[in-house]
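Here is the structure we will look at, set down as C-alpha coordinates.
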Amino acid sequence: MDDVLALLDWRRRIAQLYAEVRDRLPAGPHGAHEHWRAVRSQLFSHHPQSPLPADARAGFGGLRCFDYDPSFAVVAALDTEVEGAVFDVGTSTGAVVQFRRCGRVELPWGALDVYWLEGYGGGLFLPFRDATAGDTTYGGGRYLLDTVKGADLGSTGSGDLVLDFNFAYHPSCAHDPRWSCPLAPPGSRLDVRMEAGERL
(Lines give C-alpha, C1' and ligand atoms only; values in the text may rest on other atoms or scores of the structure.)
Protein backbone atom coordinates (compact mmCIF):
# COMPACT_ATOMS: atom_id res chain seq x y z
CA MET A 1 0.00 0.00 0.00
CA ASP A 2 2.89 2.36 0.67
CA ASP A 3 3.99 2.02 -2.97
CA VAL A 4 0.48 2.86 -4.15
CA LEU A 5 0.34 6.00 -2.02
CA ALA A 6 3.84 7.02 -3.12
CA LEU A 7 2.86 6.60 -6.78
CA LEU A 8 -0.29 8.64 -6.17
CA ASP A 9 1.84 11.40 -4.65
CA TRP A 10 4.30 11.27 -7.58
CA ARG A 11 1.46 11.61 -10.11
CA ARG A 12 -0.02 14.53 -8.19
CA ARG A 13 3.34 16.30 -8.00
CA ILE A 14 3.98 15.88 -11.73
CA ALA A 15 0.48 17.13 -12.59
CA GLN A 16 1.01 20.12 -10.28
CA LEU A 17 4.40 20.82 -11.84
CA TYR A 18 2.95 20.97 -15.35
CA ALA A 19 0.15 23.23 -14.11
CA GLU A 20 2.84 25.55 -12.73
CA VAL A 21 4.76 25.40 -16.02
CA ARG A 22 1.63 26.31 -18.00
CA ASP A 23 1.11 29.28 -15.69
CA ARG A 24 4.74 30.41 -16.08
CA LEU A 25 5.13 29.99 -19.84
CA PRO A 26 3.46 33.31 -20.82
CA ALA A 27 5.87 35.23 -18.58
CA GLY A 28 8.93 33.52 -20.00
CA PRO A 29 9.64 30.02 -21.31
CA HIS A 30 13.24 30.04 -20.03
CA GLY A 31 12.08 30.50 -16.45
CA ALA A 32 9.32 27.92 -16.87
CA HIS A 33 11.87 25.45 -18.19
CA GLU A 34 14.28 26.07 -15.31
CA HIS A 35 11.44 25.48 -12.86
CA TRP A 36 10.48 22.24 -14.65
CA ARG A 37 14.06 21.00 -14.56
CA ALA A 38 14.66 21.97 -10.92
CA VAL A 39 11.47 20.37 -9.58
CA ARG A 40 11.98 17.18 -11.58
CA SER A 41 15.58 16.95 -10.41
CA GLN A 42 14.42 17.30 -6.80
CA LEU A 43 11.81 14.58 -7.26
CA PHE A 44 14.36 12.29 -8.90
CA SER A 45 16.73 12.79 -5.97
CA HIS A 46 14.31 12.28 -3.08
CA HIS A 47 10.94 10.81 -4.04
CA PRO A 48 10.36 7.08 -3.33
CA GLN A 49 8.85 6.68 -6.82
CA SER A 50 11.87 8.24 -8.53
CA PRO A 51 12.80 6.49 -11.79
CA LEU A 52 16.37 6.31 -10.48
CA PRO A 53 17.57 3.22 -8.64
CA ALA A 54 17.58 3.86 -4.89
CA ASP A 55 21.36 3.64 -4.63
CA ALA A 56 21.81 6.31 -7.32
CA ARG A 57 19.66 9.00 -5.74
CA ALA A 58 21.98 10.34 -3.05
CA GLY A 59 24.71 11.30 -5.51
CA PHE A 60 22.37 12.49 -8.24
CA GLY A 61 23.44 15.92 -9.51
CA GLY A 62 20.27 16.81 -11.41
CA LEU A 63 18.79 16.10 -14.81
CA ARG A 64 20.92 17.03 -17.80
CA CYS A 65 19.20 19.08 -20.48
CA PHE A 66 20.14 20.90 -23.63
CA ASP A 67 20.11 24.68 -23.25
CA TYR A 68 16.67 26.15 -23.79
CA ASP A 69 16.15 27.00 -27.47
CA PRO A 70 12.89 28.78 -28.40
CA SER A 71 13.13 27.53 -31.99
CA PHE A 72 12.08 24.10 -30.71
CA ALA A 73 8.79 25.44 -29.31
CA VAL A 74 5.75 25.32 -31.61
CA VAL A 75 1.99 25.09 -31.60
CA ALA A 76 0.46 22.54 -33.93
CA ALA A 77 -3.03 21.59 -35.04
CA LEU A 78 -3.96 17.98 -34.39
CA ASP A 79 -5.07 16.52 -37.71
CA THR A 80 -7.65 13.92 -36.73
CA GLU A 81 -8.39 12.89 -40.32
CA VAL A 82 -6.16 9.84 -40.02
CA GLU A 83 -6.87 6.13 -39.98
CA GLY A 84 -7.59 5.37 -36.34
CA ALA A 85 -5.81 2.04 -36.29
CA VAL A 86 -4.88 0.34 -33.02
CA PHE A 87 -1.16 -0.35 -32.69
CA ASP A 88 0.61 -2.83 -30.46
CA VAL A 89 3.44 -0.63 -29.22
CA GLY A 90 6.48 -2.44 -27.89
CA THR A 91 7.98 -1.59 -24.52
CA SER A 92 11.48 -1.65 -23.10
CA THR A 93 10.82 -5.00 -21.39
CA GLY A 94 9.31 -6.71 -24.43
CA ALA A 95 5.70 -6.27 -23.32
CA VAL A 96 3.08 -4.63 -25.55
CA VAL A 97 0.76 -1.68 -24.87
CA GLN A 98 -2.14 -0.80 -27.14
CA PHE A 99 -2.46 2.72 -28.50
CA ARG A 100 -4.92 4.06 -31.07
CA ARG A 101 -3.61 6.63 -33.53
CA CYS A 102 -5.94 9.57 -33.01
CA GLY A 103 -4.17 12.23 -35.04
CA ARG A 104 -1.02 13.59 -36.57
CA VAL A 105 0.87 16.85 -36.15
CA GLU A 106 2.86 18.52 -38.91
CA LEU A 107 5.99 20.11 -37.50
CA PRO A 108 8.89 22.05 -39.04
CA TRP A 109 11.04 18.92 -38.65
CA GLY A 110 8.56 16.33 -39.92
CA ALA A 111 5.23 14.76 -38.95
CA LEU A 112 4.48 12.73 -35.82
CA ASP A 113 1.58 10.44 -35.00
CA VAL A 114 -0.36 11.20 -31.82
CA TYR A 115 -1.86 8.28 -29.91
CA TRP A 116 -4.68 7.61 -27.50
CA LEU A 117 -4.05 5.03 -24.78
CA GLU A 118 -6.50 2.15 -25.18
CA GLY A 119 -6.99 1.65 -21.47
CA TYR A 120 -9.31 2.82 -18.73
CA GLY A 121 -9.79 6.57 -19.00
CA GLY A 122 -7.48 6.87 -22.01
CA GLY A 123 -4.93 9.59 -22.47
CA LEU A 124 -3.06 11.48 -25.20
CA PHE A 125 0.47 10.26 -25.88
CA LEU A 126 3.18 11.75 -28.11
CA PRO A 127 6.51 9.90 -28.07
CA PHE A 128 9.27 10.59 -30.58
CA ARG A 129 12.66 9.32 -31.63
CA ASP A 130 15.08 11.64 -33.41
CA ALA A 131 18.63 11.51 -34.73
CA THR A 132 20.09 12.08 -31.25
CA ALA A 133 18.68 8.70 -30.07
CA GLY A 134 21.40 6.34 -29.00
CA ASP A 135 23.88 9.21 -28.98
CA THR A 136 23.00 12.07 -26.64
CA THR A 137 19.49 10.79 -25.82
CA TYR A 138 17.94 7.42 -25.01
CA GLY A 139 17.86 5.01 -27.95
CA GLY A 140 14.18 4.17 -27.48
CA GLY A 141 13.07 7.78 -27.78
CA ARG A 142 11.65 10.43 -25.51
CA TYR A 143 8.19 11.68 -24.56
CA LEU A 144 6.70 15.07 -25.31
CA LEU A 145 3.10 14.58 -24.21
CA ASP A 146 1.64 11.99 -21.85
CA THR A 147 -1.59 13.18 -20.27
CA VAL A 148 -1.98 9.97 -18.25
CA LYS A 149 1.12 11.05 -16.33
CA GLY A 150 0.16 14.74 -16.25
CA ALA A 151 2.83 15.75 -18.80
CA ASP A 152 0.88 18.31 -20.81
CA LEU A 153 1.77 21.88 -21.78
CA GLY A 154 -1.82 22.58 -22.82
CA SER A 155 -3.53 23.98 -25.91
CA THR A 156 -4.15 27.36 -27.45
CA GLY A 157 -7.58 28.97 -27.49
CA SER A 158 -8.15 27.48 -30.94
CA GLY A 159 -7.28 23.99 -29.74
CA ASP A 160 -3.76 23.70 -31.19
CA LEU A 161 -1.34 21.67 -29.08
CA VAL A 162 1.52 23.46 -27.32
CA LEU A 163 4.55 21.34 -28.22
CA ASP A 164 7.84 22.53 -26.78
CA PHE A 165 10.63 20.01 -27.31
CA ASN A 166 12.66 21.74 -24.61
CA PHE A 167 10.36 19.86 -22.22
CA ALA A 168 10.96 16.47 -23.88
CA TYR A 169 11.92 13.89 -21.29
CA HIS A 170 13.24 10.36 -21.10
CA PRO A 171 10.99 7.46 -20.16
CA SER A 172 11.72 5.91 -16.78
CA CYS A 173 13.42 2.90 -18.38
CA ALA A 174 16.24 5.18 -19.59
CA HIS A 175 17.21 5.56 -15.93
CA ASP A 176 16.55 2.01 -14.70
CA PRO A 177 15.68 -1.09 -16.77
CA ARG A 178 13.23 -2.30 -14.11
CA TRP A 179 10.65 0.07 -15.61
CA SER A 180 8.59 -0.98 -18.62
CA CYS A 181 8.07 1.96 -21.00
CA PRO A 182 6.47 2.26 -24.44
CA LEU A 183 9.08 2.93 -27.13
CA ALA A 184 8.61 5.31 -30.05
CA PRO A 185 6.88 3.39 -32.89
CA PRO A 186 7.60 3.99 -36.62
CA GLY A 187 5.11 6.88 -36.90
CA SER A 188 7.03 8.71 -34.18
CA ARG A 189 10.37 9.20 -35.92
CA LEU A 190 12.11 12.42 -36.90
CA ASP A 191 15.21 12.35 -39.11
CA VAL A 192 16.77 15.48 -37.63
CA ARG A 193 18.63 16.06 -34.37
CA MET A 194 16.23 17.54 -31.82
CA GLU A 195 18.83 19.01 -29.46
CA ALA A 196 16.28 20.11 -26.89
CA GLY A 197 14.95 18.69 -23.66
CA GLU A 198 16.53 15.99 -21.54
CA ARG A 199 19.80 14.43 -22.61
CA LEU A 200 21.88 11.55 -21.31
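The values are calculated or read from the model by the stated rules, or taken from the named source; none is laboratory data. Computed from a predicted model, the values in this text were never measured in an experiment. Heads up, the Cβs are rebuilt from the backbone with ideal geometry, glycines too, and the neighbour counts pull from every protein chain shown.
Just the residues that are in contact with a helix residue (DSSP H, G or I) (Cβ under 7 Å, 6 or more places away or on another chain) and assigned to a strand (DSSP E or B), please, taken from region 102-123. Step through it out loud before you land on a result.
Within region 102-123, the first condition is being in contact with a helix residue (DSSP H, G or I) (Cβ under 7 Å, 6 or more places away or on another chain), and the residues that meet it are 112-113, 117, 123.
Once the filter is applied, which keeps residues that are in contact with a helix residue (DSSP H, G or I) (Cβ under 7 Å, 6 or more places away or on another chain) and assigned to a strand (DSSP E or B), region 102-123 yields Leu112, Asp113, Leu117.
If I ask for residues that are assigned to a strand (DSSP E or B) and buried (at least 21 other Cβ atoms within 10 Å of the Cβ), which ones from region 170-197 would you list?
If we filter region 170-197 for residues that are assigned to a strand (DSSP E or B), which is where we start, we get 182, 189.
Passing the criteria: only Pro182.
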Quiz item: Of all residues in region 67-93, which are assigned to a loop (DSSP other than H, G, I, E, B), under 30 Å from Arg37 (Cα atoms) and without any contact (Cβ under 8 Å) to a residue 24 or more places away in the chain?
Solution: Asp67
Self-check item: Positions within region 124-137 being under 16 Å from Pro186 (Cβ atoms) and part of a strand (DSSP E or B), in sequence order
Solution: Phe125, Leu126, Pro127, Phe128, Arg129, Ala133
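Can you tell me which residue is nearest to Leu183 (Cα to Cα) among those in region 136-154 that are more than 10 Å from the chain's Cα centre (by Cα) and in contact (Cβ under 8 Å) with a residue 12 or more places away in the chain? Show your work before the answer.
From region 136-154, those more than 10 Å from the chain's Cα centre (by Cα) are 136-140, 148, 153-154; that's our starting set.
Imposing the further condition that a residue be in contact (Cβ under 8 Å) with a residue 12 or more places away in the chain reduces the set to 136-138, 140, 148, 153-154.
Numbers: Thr136: 17, Thr137: 13, Tyr138: 10, Gly140: 5, Val148: 16, Leu153: 21, Gly154: 23 Å.
Among residues in region 136-154 that are more than 10 Å from the chain's Cα centre (by Cα) and in contact (Cβ under 8 Å) with a residue 12 or more places away in the chain, the one nearest to Leu183 (Cα to Cα) is Gly140.
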Quiz item: Does Arg37 satisfy the condition of being under 16 Å from the mean Cα position of the chain (by Cα) and over 23 Å from Asp160 (Cβ atoms)?
Solution: yes
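Here are Gly140, Gly59: which of them is assigned to a loop (DSSP other than H, G, I, E, B) and surrounded by 12 or more Cβ atoms within 10 Å (Cβ to Cβ)?
That would be Gly140, the only listed residue that is assigned to a loop (DSSP other than H, G, I, E, B) and surrounded by 12 or more Cβ atoms within 10 Å (Cβ to Cβ).
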Quiz prompt | Whichever residue in region 70-107 is modelled with pLDDT under 95 and of a type in the set (Phe, Trp, Tyr) and, among such residues, is surrounded by the fewest Cβ atoms within 10 Å (Cβ to Cβ) | solution = Phe87
Quiz item: Does Arg129 satisfy being closer than 18 Å to Gly84 by Cβ and of a type outside the set (Val, Ile, Thr)?
Solution: no
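I'd like the full set of residues that are touching a residue at least 40 places away in the same chain (Cβ under 8 Å) and either under 14 Å from Leu163 (Cβ atoms) or charged (D, E, K, R) (or both), limited to region 94-103.
Our first condition is that a residue be touching a residue at least 40 places away in the same chain (Cβ under 8 Å); within region 94-103, this holds for 95, 97, 99, 101.
The answer is Arg101, and nothing else.
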Exercise. Tell me which of these Gly123 doesn't satisfy, since it passes every other one: (1) surrounded by 14 or more Cβ atoms within 10 Å (Cβ to Cβ); (2) more than 18 Å from the chain's Cα centre (by Cα); (3) at positive phi; (4) not hydroxyl-bearing (Ser, Thr, Tyr).
Key: (2)
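Output the residue which, of all residues in region 63-101 that are among the aromatic types (Phe, Trp, Tyr) and in contact with a helix residue (DSSP H, G or I) (Cβ under 7 Å, 6 or more places away or on another chain), is nearest to Glu198 (Cα to Cα).
As a first pass, look at region 63-101 and keep what is among the aromatic types (Phe, Trp, Tyr): 66, 68, 72, 87, 99.
Subset that is in contact with a helix residue (DSSP H, G or I) (Cβ under 7 Å, 6 or more places away or on another chain): 68, 72.
Details: Tyr68: 10, Phe72: 13 Å.
Within region 63-101, the match that is nearest to Glu198 (Cα to Cα) is Tyr68.
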Exercise. Output the number of the condition that Ser50 fails; it satisfies all remaining conditions of (1) among the hydroxyl-bearing types (Ser, Thr, Tyr); (2) part of a loop (DSSP other than H, G, I, E, B); (3) loosely packed, with under 15 Cβ neighbours inside 10 Å.
Key: (3)
Self-check item: Any hit, region 34-43, residues being free of Cβ contacts under 8 Å to residues at least 24 places away in the same chain, under 30 Å from Gly157 (Cβ atoms), surrounded by 14 or more Cβ atoms within 10 Å (Cβ to Cβ) and touching a His at 6+ places or on another chain (Cβ under 9 Å)
Solution: no
Quiz item: Looking at Leu25, Leu7, Leu43, which one is modelled with pLDDT under 95 and in a helix (DSSP H, G or I)?
Solution: Leu7
